[in-house]
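FYI, it's all coordinate maths here, none of it is from the lab. Small disclaimer: the values here were computed from a predicted structure and weren't measured. Here the Cβ positions follow ideal geometry from the backbone for every residue, glycine too, while neighbour counts run over all protein chains shown.
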Amino acid sequence: MTQWFRRKGKNIKTFDKRDTREGEWQKCPSCGEFIYKSVLKASFYVCNSCKYHYRLSCDDYIKLFIDNNEFTEIESEMTSSDPLNFSAEKSYVDQLNFYKNKTGMNSAIKVVEGNLNNNKIILGAMDFSFIGGSMGSVVGSKIGVAIDRANESNLPLVIVTASGGARMQEGAYSLMQLAKTSTKLARFSDNGGLYIVVLTDPTTGGISASIAMLGDVIIAEPNALIGFAGPRVIKQTIGQDLPNGFQRSEFLLKKGFIDKIVERKKLKQTVHNIINILSIKG
C-alpha cells in the first residue's frame, strides 16, 4: 500500500524526506507554501506566492536602505538601566541581558548615517525581537539623537518602526519618550526637515501615537498591523465585531491615515524618489 504513495511514472519525480537537507526550506505562515531559504532571502523575505512580508531585523532594514551596507552607527554603546528596580518572573536587568545576548544589540533600535542611492540620510531602524521593539528611555534617547543629527546636518530622517509600544518595565520614564520625541520632531519640521516613516508589522501602542504618525510622508508595508490598542482589546471594549482588515495597512490607507503602501523590494527606490522630490537643496 505504501508503494502507491511513492508513485513512479514517466513525468513524476518522487523523493524521500531524507533526500532534502534539513533547514533549507521555510514554510510561509500565511499561505503554507514551502520556500527555499535562499529564494526567500533573495526576495527580501517576502513570499513570492502570497506576498506575505516576514518580519525583519533592524540590520536587515539597514542593509535594505543603505548603499553597500556602509554606514556609521550613532550611539551604539547606549544601553538601558533599571531606574525602577522592576521585577516580575525575571528582573528587568535579567531581561535586558537575555535580549542583548540573543540579538547582539544593546537596545531595540539602531541609528546610522549612510547613503541611500548616494543621498546621505539618518536612518533609525527598530527591531521587534528586542523586548517587542518597545520604547524605553534608551530607544527614545537614540531617536532623539537621530532627530538632532538630521536637524544639525540638514539631512532627511527615515525611521522604520516595529514596536509593541511603551516599555512597561520603565513606567513613566518610557512614557516621557513619546512626548520628547514628538517635540523634537515638531522642531525638526519647523526647521524644514524632511521626515519619512516606514511602518512595518507591528506598529502599535505608544509608537503609533507618536513618531509613527508624525512623518511628512507615512509609508507602510503590506498587511502590517498598525494601531494603538489591539483588535481583541477593542472588540471586547466596544462589544462589536470589527471590520475585515481592521488596523491593517490597507484599511488605514482607505481611511487616510497613511500615504502609501509599498512592497519591500520597492521601499528603497520609493524613499529615494520622495527625498529627491521634497528635499530643499541649500
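Key figures
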{"item": "Proxy reagent accessibility, fewest Cβ within 10 Å first, across V39, V197", "result": "V39, V197"}
{"item": "Order of V145, V46 under a 10 Å beta carbon neighbour criterion, fewest first", "result": "V145, V46"}
{"item": "Listed residues I261, I234, I147, most fluctuating in the chain (Gaussian network, C-alpha, under 10 Å)", "result": "I234"}
{"item": "Over the stretch 41-148, relative contact order from alpha-carbon pairs under 8 Å, at least 6 apart, %", "result": "28 percent"}
{"item": "Degrees between helix 171-190 axis and first principal axis of the chain (Cα, 0 to 90, nearest 10)", "result": "70 degrees"}
{"item": "Relative contact order (percent, whole number), the stretch 183-282, Cα cutoff 8 Å, 6+ residue spacing", "result": "26 percent"}
{"item": "Mean projected area in nm² (Cα convex hull; one quarter of hull surface) for the stretch 103-196", "result": "5.9 nm²"}
{"item": "Approximate spin-label separation I277-S153, in nm, with each point projected 7 Å along Cα-to-Cβ", "result": "2.5 nm"}
{"item": "The stretch 131-139 - phi-based ³J(HN,Hα) in whole Hz, Karplus 6.51/-1.76/1.60, Gly and Pro as x", "result": "6, x, x, 5, 8, x, 5, 6, 4"}
{"item": "Mean projected area in nm² (Cα convex hull; one quarter of hull surface) for the chain", "result": "20.6 nm²"}
{"item": "Amide H within-cut-off set for V160, under 5 Å, with H built and near neighbours excluded", "result": "G124, A125, M126, V198"}
{"item": "Highest-MSF residue in the chain out of G245, G205, G193 [GNM, Cα springs under 10 Å]", "result": "G245"}
{"item": "Under 5 Å, built H, 5+ apart or other chain: amide partners of Y52", "result": "C47"}
{"item": "Placed amide H near M135: partners under 5 Å, 5+ positions off or other chain", "result": "G165, A166, R167"}
{"item": "Over the chain, relative contact order from alpha-carbon pairs under 8 Å, at least 6 apart, %", "result": "13 percent"}
{"item": "Cα-based helix-to-principal-axis angle, 267-278 vs the chain, degrees rounded to 10", "result": "30 degrees"}
{"item": "Karplus 3J(HN,Hα) series, Hz, for the stretch 209-217 with 6.51 cos²θ - 1.76 cosθ + 1.60 (x for Gly, Pro)", "result": "8, 9, 5, 5, 10, 10, x, 5, 10"}
{"item": "Sorted by Cβ density within 10 Å, fewest first, the residues S107, S49", "result": "S49, S107"}
{"item": "Karplus-derived 3J(HN,Hα), 6.51/-1.76/1.60, for each residue of the stretch 72-89, Hz, glycine and proline x", "result": "10, 7, 10, 6, 5, 8, 5, 9, 6, 10, 10, x, 9, 6, 5, 8, 10, 5"}
